Structure formats: structure tokens, C-alpha cells
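Since the structure comes first, as C-alpha cells, the remarks are kept for the end.
The values are calculated or read from the model by the stated rules, or taken from the named source; none is laboratory data. Note that the coordinates shown come from a computational prediction; the quantities given were computed from them, not determined experimentally. Here the Cβ positions follow ideal geometry from the backbone for every residue, glycine too, while neighbour counts run over all protein chains shown. Only protein heavy atoms, including side chains, enter the accessible area calculation; ligands, DNA and RNA are left aside. Shrake-Rupley method; radii C 1.70, N 1.55, O 1.52, S 1.80 Å.
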Amino acid sequence: MKSQARLPFYLTMKYLQRGRKWTLFLILFLMSVAFVNLIFISSLFNGIIEGTNNQIINTMTGNFYIAPKAGIEFITSKEKVLSDIRSIDGITGVSAQTYVPAQLKYKEISGSWQILAINPKNEAEVTDVSQKIITGAYLDEDDYDQILIGRQIAGGEGVEQNAFSFKGAKAGDKVNLITNGTAKEFTIKGVFQTKFLPSDERAFITEKALKNIMPPLDGKASNITIKINDPKNEQAILSQIRSKNVDGDIYTWREVAGLMKSVGESFTSINILMTFVGILIAAVTVFIVIYVDIVNKRKQIGILRAIGIKPYIIISSYVILSAVYSVIGVLIGSAVFYFILVPYFGAHPFSLPICDATLVLSKTDYIARAEMIMWVSVISGLIPSAIITRTKMLDAILGR
């Protein structure tokens, strides 16, 4: 009985030892390519989704966003709210932003963009705009006549929204900030590019500059953004913020993501569809490879049956062989993915209009796709071997 149980493993070992090496290499190569293709597609779309979410958090909303209560234009107790939130463990940054109702004019070009008054130091703790300066420099707290503009406002060759921009404004140029019919000249201190269009269509001045041009808005905030150190603690920190009874309505970044939330959901749907297609391609590839391999061994199968080997033992040996192919293919594919593709695209991300996307694959996704390849391989070994063992013994030996 024990020898019968060991026989499929013995036959599998002999198949591997006596088979053509180039055939074995080709099978393992195709198996690994099928697995890499399956996880690459998923990891790319996951990377785009994660990159987009990070752009929303790191350039616009932070992890939490406080807006004025319904029917109220501003958060008037700005300093108290900032102080209360900073006292909560896990908060790494809090920044107040005040919308400036004004237009910008550069030479003969004027337009309306979102202009925000900020404390540059606080803003740098919440968003990474300060790290995305492409020309000039970031704002200082004492700048009263300097402005920081996004690339989509500055414009220039290759800019997506160039038709509606300043068409080439740069650091050092003068612009007029027009409010209530009064123009105030500002110098463009820097131009930033986050590679996130909604963020790059904004401009920033300091709270000191706002106080000079619009004193009634001093000490008021249109919104307050909050950054935390660990997204896993989001719900716990949110509960603490709400316990402070802050002067405003509190939202998570997901609730204010707006259009980009729909974009992320669209990528998720596409990811599911492409994963299904990838699984189908992998299934067909693996089935054809193993089917051809088994068909080429019809004569061997006929001889084994002739010497008294039971069909179920032959079928079991090919199922085991298929499993071995899949395991080795998954291991090779995993090595290629994690030691070649992930580091490469980590250093050279996919450059997209909304973010720089890297490859992101969760442990759950990896295990699920590895299991899919293995099950497909087992089925691919089971079906053709079962068919061939049911053919007439003589026909199998003669290859008919």
C-alpha cells in the first residue's frame, strides 16, 4: 500500500530526470511569465490607486479636513482649534487655510484660481508642496508680497492646462492680485509641481500678506487640514478630534476626495477586470503547455499501463508534476517581480498625469494569485492525463 502511495511521486521524479531539459526550461519559463503577468497588472493598478490617494492626502486634504459648519463661511476660532488638535497624540501637523477671493493677472492674462493664505511652516507639516518646488523657493512666514503658484497656473511648454495659464510665468516675475477692484503687486517666489492637477491649479500667499490686503480675514480659516503619523490609527484619532468639540465639521480625506474618489473606484473596477483577463490568459497558457507536454508522452503512458500501472496513479503523477511546475514557476516569477521589477519601478516610477505610480502588491493579493496559478496547473494536469489514460492502450503505445 505504501509503495502504491509513493509511486506517483517516483514517476514524477523520473519525468523530471529523463525529460528534455530545454522542454523543462521552456515550461518553467512560461509558468513564471504567466505568474508575473498576473501579479504585475494587479500591482500596477494598486500602485496607481495608492499613488492617487497619497496625492490627495499629501497635497490637498491631509488625513482629516475641518470645514466651517453649515451656513457659516469661516472657522473664526482658528488658533484655538489648532491648539486643541496639536495636543492629540498621533498628530504630526495642522494647517489652517483661508480662501482669498481674488483674481491673478500676469501681463495681459488674468484668471481665477484658488488662492490660499497659509502659515508656510504649518503647511509644510501637512502637505508636501514645499518639497515640490521646481523653480524659485518656498514661502517664508514674513513674506508679505510674495506668491507661490502651481505649474498649471504658471503654464509653459508641456503644461496640460497651458491654454488657461500664464503661458510661461516664472519665479521673479510680477503678478497682480486683484480684489474688490484693487490690485496688489506680488512677486512669484516659486513655482511648484505636485503632478496632481487639482493641487497644481492653486496659489499660496502668507497669512501676513492676507492681513495686509484683507484685514477682516485675519484670524479666520476656510478650512483646517490635519496630518497623522499612522493611517492605521485613523479612527482612534478621529474620535479624539471629535471629542474636542472643534468649531467645524470634521471629514476624512475620503469624504472630501470628490472626483478623485471616483477615479480611484474606476481604477479598482479596471483592476478587477484586468485581473480576470490575466487569470484567463494564465489558465490558457498553463493548460496548453502542460497539455502538449502530456500528449507528447502518450507512448510512455501507454507503456506504463501495459506493465500494470493503474490509471489513477498515472493521473496522480501528472497532477503532482503540474503542481511542481506551478510551484517552481511561482518561485521564479516571485524572484523576478520582487528583486527586479519592484526595485526598478521603485527607482523609475510610471509617470502619470495624476501621480508617479510604483508597483504595490499586498500579501493577500500575492497569495490569492499564487493559489490561482497552482489550481490552474493542477486542473491542467488532471484533464489531459485523464483523457489520455482512457484511450486504448495499444493506440497510446503506437501514438495514434
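Within region 343-353, the set of residues being outside any strand (DSSP E or B), surrounded by fewer than 18 Cβ atoms within 10 Å (Cβ to Cβ) and of a type outside the set (Ser, Thr, Tyr) comprises Pro343, Gly346, Ala347, His348, Pro349, Leu352, Pro353.
Exactly one residue among Val246, Val256 is open to solvent by less than 20 Å² (accessible area, probe 1.4 Å) and modelled with pLDDT under 90, and that residue is Val246. If the condition is being among the charged types (D, E, K, R) and open to solvent by 50 Å² or more (accessible area, probe 1.4 Å), then region 299-341 contributes Lys299, Lys310. Of the residues examined, Ala209 is one that is touching a Phe, Trp or Tyr at 6+ places or on another chain (Cβ under 7 Å) and among the small types (Gly, Ala, Ser).
When you scan region 154-166, do you find a residue that is of a type outside the set (Lys, Arg), open to solvent by less than 10 Å² (accessible area, probe 1.4 Å) and closer than 22 Å to Asn54 by Cα, even just one? There is no residue in region 154-166 that is of a type outside the set (Lys, Arg), open to solvent by less than 10 Å² (accessible area, probe 1.4 Å) and closer than 22 Å to Asn54 by Cα.
Identify the residue in region 263-286 that is at pLDDT below 75 and farther than 30 Å from Phe196 by Cα and, among all such residues, is surrounded by the fewest Cβ atoms within 10 Å (Cβ to Cβ). Once the filter is applied, the top-ranked residue is Ile281. Among residues of region 1-24 being basic (Lys, Arg) and open to solvent by 90 Å² or more (accessible area, probe 1.4 Å), the one that is modelled with the lowest pLDDT is Lys2.
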